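Working notes, structure below.
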Amino acid sequence: MVYIDNIFAQEVLDSRGNPTVKATVVLSDGTMSSAIVPSGASTGKREALELRDNDERFNGKGVLKACEHVDVDIADELVGLNPYNQAEIDAILKELDGTDNYSKLGANAVLGVSMAVARAAATSLHLPLYRYLGGSNGVILPTPMLNIINGGAHADNDVDLQEYMIMPTGFDDFKEALRASSEIYHTLKKLLANDGHPTALGDEGGFAPNFKNNSEPIEYILKAIEKAGYKPGEEIVIALDAASSEFYNDGKYELKGDKKILSSEELAEFYEDLVNKFPIVSIEDGMAEDDWEGWKILTQKLGSKIQLVGDDLFVTNKKILAEGIEKNIANAILIKPNQIGTVTETMQTVRLAQRNSYNCVMSHRSGESEDAFIADFAVALNTAQIKTGAPARGERTAKYNRLLEIERDLLYPEYIGKELFR
Ligand code: PGA
Ligand code: ZN
């Protein structure tokens, strides 16, 4: 019987140049697999805890303590166990930590091991990760949300909304959808450059110049879609991540780019205007994580028209999601494994959402790595949507390129963009 022979961790760098945890699992059959944990910038308050050293190294961001927890506490507990029972491994990790947000071991330590165990198990069984995690039922290539203009906490510009994304819904396969997206990205770059805007990139690979207001980026994107030869609203639609917790203060939302300070009701009207004007199908974190009243207003106003995604709001936590479902808040959830801490808990949250007809969007973090775990995970769980940045920068294209590979390998891949927002 194959068992876990060794577990260790190393401090490596993420895409912003900050340290993060790389965990490695060695099995008794010689399999050795690793996983790298991502890291957010506009994090939700109720996320699982990312353990940092807070000492003089790396401006306090070192993760040596988390690595030590992997090498000592976690290895002591998991070595000798069966790697093929992910639920058991994750339950042991949860019990070993003993807190409800992994504040003892660090969610970065725990998730690294949880992902590396899954990958080692898959490799040992000679299965691709998506097949190991999803079985024969994992066949949907997710429709991507590609963040091509970055604002908020991911850029140094004066754009308040954090992400302006295109979704290539009107295609029959992932490959063509990605091609169109890349063409639009490059067309957008030319349009911006022609108007004298800098084309430097934000954290997620999108362009990050200054704009007149928060809707001008959408106008640019629509121009780029048309100029690239595609039909906005039919082939390509728009998704936004407002990440509004970042501009919520004392019960008000301050949109500096529009020189406005708005109540929740007024912000909902602001979005409604945008939705009436532009082909927007999805808005993430339209209201702040603490503003459940605002979320209620927003859901009543727009919940039957567009997708309303809870990210900071739900933090991939099944208990908070259950509360949201109960109160009719939002209609979709962003899925970030490091917000909750283990592979198993991530899957539990996805199942709860799917049982309740809440759409799921698998997601990267703004601080990423070459690890493409979430590409396989999205296919395994049939989330049907993935958010993983612009079609540029290696840590983003790692995910898109992995999805291209999965699509090539599946005999009957399904790309269901046309069905998503009917
Ligand atoms: P983060 O941003 O990874 O910086 O939290 C991503 C998001 O808000 O969706
Ligand atoms: Zn978000």
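Here are some notes:
- Single residue of THR199, THR187 found to be of a type in the set (S, T, N, Q) and either crowded, with 22+ Cβ neighbours inside 10 Å or not in a helix (DSSP H, G or I) (or both): THR199
- Scanning segment 145-181 for residues that are in contact with a Ser or Thr (Cβ under 9 Å, 6 or more places away or on another chain), closer than 17 Å to HIS364 by Cβ and more than 15 Å from ligand 1 (Cβ to nearest atom) turns up ILE166, PHE174.
- In summary, GLU204 fulfils each of the numbered conditions (1) outside any loop (DSSP other than H, G, I, E, B); (2) under 17 Å from the mean Cα position of the chain (by Cα); (3) surrounded by 23 or more Cβ atoms within 10 Å (Cβ to Cβ) with the single exception of condition (1).
- So ASP371, is it of a type outside the set (Lys, Arg), open to solvent by less than 10 Å² (accessible area, probe 1.4 Å) and within 16 Å of the chain's Cα centre (by Cα): no
- THR349 in contact with a strand residue (DSSP E or B) (Cβ under 7 Å, 6 or more places away or on another chain), of a type in the set (Val, Ile, Thr) and in contact (Cβ under 8 Å) with a residue 60 or more places away in the chain: no
- Only one of THR349, THR316, THR388 that is more than 13 Å from the chain's Cα centre (by Cα), among the polar types (S, T, N, Q) and within 16 Å of ligand 2 (Cβ to nearest atom): THR349
- Residue check: LEU302 meets all listed conditions (1) open to solvent by 10 Å² or more (accessible area, probe 1.4 Å); (2) within 30 Å of GLY170 (Cβ to Cβ) but one, namely (1).
- Residue in segment 280-313 that is farthest from the chain's Cα centre (by Cα), counting only those that are more than 16 Å from ligand 1 (Cβ to nearest atom) and among the aliphatic types (A, V, I, L, M): ILE297
- Flag for ALA121 being crowded, with 24+ Cβ neighbours inside 10 Å and touching a Phe, Trp or Tyr at 6+ places or on another chain (Cβ under 7 Å): yes
The values are calculated or read from the model by the stated rules, or taken from the named source; none is laboratory data. All figures in this text were calculated on a predicted structure; none of them were measured in a lab. Virtual Cβ from ideal backbone geometry, glycine too; neighbours counted across all protein chains shown. Heads up: the accessible areas ignore ligands, DNA and RNA and are worked out on the full protein's heavy atoms, side chains in. Shrake-Rupley method; radii C 1.70, N 1.55, O 1.52, S 1.80 Å.
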